[in-house]
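Participant: Below are the structure tokens for one structure; questions will follow.
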Amino acid sequence: MVIKMEFRYEDEYMSCAAKGGRNIHQLQREFDQWIYDRGNDHPYWEIAYIDEEGNEGYGVSFSGEAFVNWLNNVKFSKRKKVARLVSTVPSHYKKVLRF
């Protein structure tokens with residue numbers, strides 16, 4: 001199943017197994033909770049600001065690669081790869097995710 005992922009400045013596409021695609025909006029909610037949880041050490045954290053006392057505030061910066069990576073290596077880590085990015089724009093897709 002091909003899914004369109006809309007980001008602020010560009011769109012990306014991923015192909016995933018039908019089982020994952022059926023619940024893709026629920027999976028996106030779980031991904032959002034995971035990526036914004038400061039307890040999770042992942043490479044998408046960026047320092048957003050430093051206040052007057054020198055304390056750092058963090059934000060996240062990610063693309064479709066982060067979501068595909070989470071599906072394959074965190075959510076479904078015990079299975080073979082369930083998703084991959086599609087490099088060419090497909091002529092059709094089943095669902096749309098907005099990040």
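The values are calculated or read from the model by the stated rules, or taken from the named source; none is laboratory data. This one's a predicted model, so the numbers in the text were calculated from it and none came from an experiment. Backbone-built Cβ (ideal geometry, glycine too); neighbour counts: all protein chains shown. When the accessible area is computed, the model is the full protein with side chains, heavy atoms only, and any ligands, DNA or RNA have been set aside. Shrake-Rupley method; radii C 1.70, N 1.55, O 1.52, S 1.80 Å.
Participant: Please get the size of the charge dipole for the range 2-98, origin at its Cα centre, with Cβ charges of +1 on Lys and Arg and -1 on Asp and Glu, quoted in debye to the nearest 20.
Facilitator: Details: 15 positive and 14 negative charges, 256 e Å.
Dipole magnitude for the range 2-98 comes out near 1220 debye.
Participant: Suppose only helical runs count, i.e. DSSP H with n ≥ 4. What mean residue ellipticity at 222 nm does that imply for the chain under -39500 (n - 2.57) per run, divided by all residues and rounded to the nearest 500 deg cm²/dmol?
Facilitator: -6500 deg cm²/dmol
Participant: Moving to a separate point now. Have a look at 35, 47, 24 and tell me which one the Gaussian network model of the chain (Cα, springs below 10 Å) gives the largest fluctuation.
Facilitator: Ranking 35, 47, 24 by mean-square fluctuation puts 47 first.
Participant: Taking 0.36 nm per residue of separation and subtracting the Cα-Cα distance, what length does fully extending residue 1 through residue 81 add?
Facilitator: 27.4 nm
Participant: Rg to Rh for the chain: what is it, with Cα atoms only and Rh by Kirkwood? It would help to have the intermediate numbers written out before the result.
Facilitator: Working: Rg = 15.1 Å, Rh = 14.6 Å.
A ratio of 1.03.
Participant: How many percent of the accessible area of the chain is carbon or sulfur, using a 1.4 Å probe?
Facilitator: After summing per-atom areas, the C and S share lands at 46 percent.
Participant: Number of Lys-Lys pairs in the range 2-98 under 18 Å by Cα, sequence gap 8 or more or different chains?
Facilitator: 9
Participant: Another question, then. Which residue fluctuates the most in the chain, going by a Gaussian network model with Cα springs under 10 Å, if the choices are 11, 37, 51?
Facilitator: Comparing 11, 37, 51 in the GNM, the peak value goes to 51.
Participant: Counting only heavy atoms of protein chains, what accessible area per residue, in Å², does the chain have with a probe of 1.4 Å?
Facilitator: Details: 6730 Å² over 99 residues.
Ligands and nucleic acids excluded, the result is 68 Å² per residue.
Participant: When the chain is treated as a GNM, springs tying every alpha-carbon pair under 10 Å, which of 64, 39, 21 comes out with the largest mean-square fluctuation?
Facilitator: Ranking 64, 39, 21 by mean-square fluctuation puts 39 first.
Participant: Related question: Could you give log10 I(q)/I(0) at q = 0.21, 0.24 Å⁻¹ for the range 22-69, computed by the Debye formula over C-alpha point scatterers of equal weight, without solvent?
Facilitator: Evaluating at q = 0.21, 0.24 Å⁻¹ gives log10 I(q)/I(0) of -0.77, -0.92.
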